[in-house]
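Below is one structure; the comments refer to it alone.
The values are calculated or read from the model by the stated rules, or taken from the named source; none is laboratory data. Keep in mind that what you see is a predicted model, and the values were worked out from it rather than measured. When we count neighbours, we look across all protein chains shown, and the Cβ atoms used for this are built from the backbone with ideal geometry, even at glycine.
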Amino acid sequence: MTDQLMHSARRGADGSDRPVVQTLAGAVRGVWRGASAAFLGIPFAKPPVGELRFAAPVPRDAWDGIRDASQYGATPQRKALQEVTLIPEPSIPGDSTLNVNVFTPAPGDTEAALPVLVYIHGGGFVAGSPASPWYDGAAFNRDGVVTVSVSYRLGFEGFGWIEDAPLNRAMLDWMLALEWVRDNIRSFGGDPSSVTIAGQSAGGASVFALLASPKAAHLFRSAISLSGPVADSSLEAAKANGRRLAEAAGVEPTVAGFSSLDEIRMLQLQNALGPVADPGEASGDPLASFGRLATQGMPWCPVIDGDLLPTPVAEAIASGWAAGKPLLLGTTDQEFNMGVAPLGELLAGVEPREALQRAGLSGDEADAYASAHPDEPAVAVLGQFVTDALFRAPTRRVGDARATVDAPTWLFRFSWPSPTMGGAVHCLDVPFFFDCLGAERVGVIAGPTPPQALADEVHAAAVTFIRTGDPGWAEYRLPERAVMRYDEPSRIVPDGFGDAMAVPDSKR
């Protein structure tokens, strides 16, 4: 680091010890946290309000002076998702919701050329926040990786079809954030040619969508998907959902019509169209709702628009598109079992076969899946079915497809069972990936003494992959299908997701 840059990073113009970095839009002042610095709430786009609410994101205008970057910015999430997520993800009010947070050990060092991790949060595409303490990049900074977390428009605002508005607004948000990284990250010590995108749950699905998009290919080198479903929607389905929401609101399916709805009303309407019913609802069968989630996915997700997403994600991956980009992907073993757990009382005494049929399987399909999970109660079998159909079977299909076209791919299973959750549940692997076992609420999902040695192992593999494009074990190949199984002890297992393939072909 040059003396001038060191001075700029270590001491601001006002003599403070807070680091200052120059971006293309203006200077930002972050905060030191030991050996690394955080720059929070940096806007990469104008506030998506008024005429920009349903428009493509527009790069933020330049500002004068030094912008404070010591606090997280406003979030698109206005209300946390009230279901299975256990990650603390704050909702922060305000209009300027399209922001990046940069964590770096080398602010101002344009010669450092450190690898970069860009993280996309989950939340079912309708919730989530980049301001989670779990997504703090301190551990990655310690290991020489600049880390960026990004926000994007959620739910209908980000993914809903509108007659006279661009599709895939959230995808455009991801891409503009990645363009911001390309254009600015060198000033934070990062290498714009060494960017790895990563995400968990809907964030993992976002990674798949970006892998399938020819227009995003130049913005990253490699990718990591944690518990990512393969999620996309046909244009016809997106139009149908947009019209249904407009009809429910009593407005035309246009920008003018939807602009008449405030955020609270929009949330009410989009949640009413969601695939999962509240187990306490008097009407409807929640088993059917979970079945729709497992087999049809989420109503608000990337749309196959012929432009950003020319073909279905699975088809793009199978065709060999982005085969040159290394991919690390995996799931936990009991992803959604805890999401189905509230149905335990409802399913008491119900045979697994009956529960699966109520979730939409045929009699033969239900028989086959129940037989593959003997001696388990209906609630456990249903939870595992949702886990396998939505997460685990698609993960193996992605691995198989990429192995067929000789694309560099590595699969893992996170199998360590949480003592508080009774299994390897959704979100459990995230604090191990970020090596933040001491962060807020980790004990809720991982117990009071989660194994640091396992976090060391998971995090180190991620760092190695981000640096080199290889996590340190054998690539996923056919017919062996070798998978890293994270547990105590961790080990390579053959055909690591074979049990997930009990899901009927028609339900994968």
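Any residue in segment 484-505 that is surrounded by 16 or more Cβ atoms within 10 Å (Cβ to Cβ) sitting within a Cβ distance under 6 Å of a residue that is among the small types (G, A, S) and assigned to a loop (DSSP other than H, G, I, E, B)? List the pairs, counting only those 6 or more apart or interchain.
R485/S415; D487/S415; A502/A372
Which residues, counting only those in segment 167-176, are in a loop (DSSP other than H, G, I, E, B) and touching a Leu at 6+ places or on another chain (Cβ under 7 Å)?
So the first thing to find is which residues in segment 167-176 are in a loop (DSSP other than H, G, I, E, B), and the list is 167-168.
N168 - this is the single residue of segment 167-176 that is in a loop (DSSP other than H, G, I, E, B) and touching a Leu at 6+ places or on another chain (Cβ under 7 Å).
Which one of these is crowded, with 17+ Cβ neighbours inside 10 Å, touching a Pro at 6+ places or on another chain (Cβ under 7 Å) and hydroxyl-bearing (S, T, Y): S194, S213, S225, S201? Please lay out each step first, then the result.
Numbers: S213 fails: touching a Pro at 6+ places or on another chain (Cβ under 7 Å); S225 fails: touching a Pro at 6+ places or on another chain (Cβ under 7 Å); S201 fails: touching a Pro at 6+ places or on another chain (Cβ under 7 Å).
Matching residue, one of S194, S213, S225, S201: S194.
Which of (1) under 22 Å from M298 (Cβ atoms); (2) part of a loop (DSSP other than H, G, I, E, B) does H373 not meet, given it meets every other one?
Unmet for H373, out of (1) under 22 Å from M298 (Cβ atoms); (2) part of a loop (DSSP other than H, G, I, E, B): (1).
Regarding segment 270-279, can at least one residue be identified that is part of a helix (DSSP H, G or I), of a type in the set (A, V, I, L, M, F, W, C) and modelled with pLDDT of 90 or more? If you could, list the steps in order and put the result at the bottom.
So in segment 270-279, the residues part of a helix (DSSP H, G or I) come out as 270-272.
Now narrow it down to the ones that are of a type in the set (A, V, I, L, M, F, W, C): 272.
From the residues that got through so far, the ones that are modelled with pLDDT of 90 or more too are none.
Checked against the condition, which is being part of a helix (DSSP H, G or I), of a type in the set (A, V, I, L, M, F, W, C) and modelled with pLDDT of 90 or more, segment 270-279 yields no hits at all.
One residue is enough: does segment 249-265 have a residue meeting the conditions modelled with pLDDT of 95 or more, part of a loop (DSSP other than H, G, I, E, B) and at positive phi?
Step one: of segment 249-265, the residues modelled with pLDDT of 95 or more are 249-261.
Narrowing further to those that are part of a loop (DSSP other than H, G, I, E, B): 250-254, 260-261.
With the extra rule that they be at positive phi, the set shrinks to 250.
Within segment 249-265, one or more residues are modelled with pLDDT of 95 or more, part of a loop (DSSP other than H, G, I, E, B) and at positive phi.
Give me a count of the residues in segment 453-478 that are touching a helix residue (DSSP H, G or I) at 6+ places or on another chain (Cβ under 9 Å) and either of a type in the set (S, T, N, Q) or more than 18 Å from N141 (Cβ to Cβ) (or both).
10
Looking at G349, G339, G344, G330, which is the one that is farther than 18 Å from P504 by Cα and at pLDDT 95 or above? Before you say what the answer is, go through the steps one by one.
On the way: G349 fails: at pLDDT 95 or above; G339 fails: at pLDDT 95 or above; G344 fails: at pLDDT 95 or above.
The match here is G330.
Being at pLDDT 95 or above and of a type outside the set (K, R) narrows it down to one residue among F414, F385; which is it? Break it down into steps so the answer makes sense when it comes.
Details: F385 fails: at pLDDT 95 or above.
Sole residue among the options that is at pLDDT 95 or above and of a type outside the set (K, R): F414.
Please specify each residue of segment 144-161 satisfying the condition of being in a loop (DSSP other than H, G, I, E, B) and either farther than 17 Å from V58 by Cβ or of a type in the set (K, R) (or both).
G144, V145, R153, L154, G160, W161
Please enumerate the residues belonging to segment 158-198 that are under 21 Å from the mean Cα position of the chain (by Cα) and among the aliphatic types (A, V, I, L, M).
Across segment 158-198, the qualifying residues are L167, A170, M171, L172, M175, L176, A177, L178, V181, V195, I197, A198.
Could you please find all residues in segment 25-61 being touching a Ser or Thr at 6+ places or on another chain (Cβ under 9 Å), farther than 30 Å from D164 by Cβ and part of a loop (DSSP other than H, G, I, E, B)?
Listed by number, the list holds a single entry, G30.
Is it true that some residue in segment 435-450 is closer than 21 Å to V483 by Cα, of a type in the set (S, T, N, Q), more than 18 Å from the chain's Cα centre (by Cα) and loosely packed, with under 15 Cβ neighbours inside 10 Å? Show your work before the answer.
Filtering segment 435-450 down to residues closer than 21 Å to V483 by Cα leaves none.
No, the conditions are met nowhere in segment 435-450.
Right, P90: out of contact with any strand residue (DSSP E or B) (no Cβ under 9 Å at 6 or more places or on another chain) and farther than 20 Å from L172 by Cβ or not? Can you show your working first?
On the way: out of contact with any strand residue (DSSP E or B) (no Cβ under 9 Å at 6 or more places or on another chain): yes; farther than 20 Å from L172 by Cβ: yes.
Yes: the conditions hold for P90.
Check whether at least one residue in segment 193-213 is touching a residue at least 12 places away in the same chain (Cβ under 8 Å), in a loop (DSSP other than H, G, I, E, B), of a type outside the set (A, V, I, L, M, F, W, C) and in contact with a Leu (Cβ under 6 Å, 6 or more places away or on another chain), and report yes or no.
Initial filter on segment 193-213 (touching a residue at least 12 places away in the same chain (Cβ under 8 Å)): 193-213.
So of that shortlist, the ones also in a loop (DSSP other than H, G, I, E, B) come out as 201, 212-213.
Keeping just the survivors that are of a type outside the set (A, V, I, L, M, F, W, C) gives 201, 213.
Of the ones still in play, those that are also in contact with a Leu (Cβ under 6 Å, 6 or more places away or on another chain) are 213.
Yes.
Restricting segment 87-144 to residues that are acidic (D, E) and farther than 15 Å from G199 by Cα, which is surrounded by the most Cβ atoms within 10 Å (Cβ to Cβ)? Please lay out each step first, then the result.
Filtering segment 87-144 for residues acidic (D, E) gives 89, 95, 109, 111, 136, 143.
Then drop every residue that is not farther than 15 Å from G199 by Cα, which leaves 95, 109, 111, 143.
Numbers: D95: 13, D109: 22, E111: 10, D143: 19.
Within segment 87-144, the match that is surrounded by the most Cβ atoms within 10 Å (Cβ to Cβ) is D109.
Taking into account only those residues within segment 486-503 that are in a strand (DSSP E or B) and touching a Phe, Trp or Tyr at 6+ places or on another chain (Cβ under 8 Å), which is farthest from D429 (Cα to Cα)? Show your work before the answer.
Within segment 486-503, the first condition is being in a strand (DSSP E or B), and the residues that meet it are 486, 491-493.
With the extra rule that they be touching a Phe, Trp or Tyr at 6+ places or on another chain (Cβ under 8 Å), the set shrinks to 486, 492.
Details: Y486: 9, I492: 17 Å.
Out of the qualifying residues, it is I492.
Table: residues versus (1) surrounded by fewer than 19 Cβ atoms within 10 Å (Cβ to Cβ); (2) among the aliphatic types (A, V, I, L, M); (3) part of a helix (DSSP H, G or I); (4) free of Cβ contacts under 8 Å to residues at least 24 places away in the same chain.
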{"residue": "L309", "(1), (2), (3), (4)": "no, yes, no, no"}
{"residue": "W321", "(1), (2), (3), (4)": "no, no, no, no"}
{"residue": "V340", "(1), (2), (3), (4)": "no, yes, yes, no"}
{"residue": "L346", "(1), (2), (3), (4)": "yes, yes, yes, no"}
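Residue check, D375 against (1) closer than 28 Å to G124 by Cα; (2) out of contact with any strand residue (DSSP E or B) (no Cβ under 8 Å at 6 or more places or on another chain); (3) at pLDDT below 95, all met but one. Which one?
Result: D375 fails condition (1) only.
Going by what's in this entry, would A355 be described as surrounded by 24 or more Cβ atoms within 10 Å (Cβ to Cβ) and either in contact with a strand residue (DSSP E or B) (Cβ under 7 Å, 6 or more places away or on another chain) or more than 27 Å from E475 (Cα to Cα) (or both)? Spell out the reasoning first.
On the way: surrounded by 24 or more Cβ atoms within 10 Å (Cβ to Cβ): yes; either in contact with a strand residue (DSSP E or B) (Cβ under 7 Å, 6 or more places away or on another chain) or more than 27 Å from E475 (Cα to Cα) (or both): yes.
For A355, the condition - surrounded by 24 or more Cβ atoms within 10 Å (Cβ to Cβ) and either in contact with a strand residue (DSSP E or B) (Cβ under 7 Å, 6 or more places away or on another chain) or more than 27 Å from E475 (Cα to Cα) (or both) - is met.
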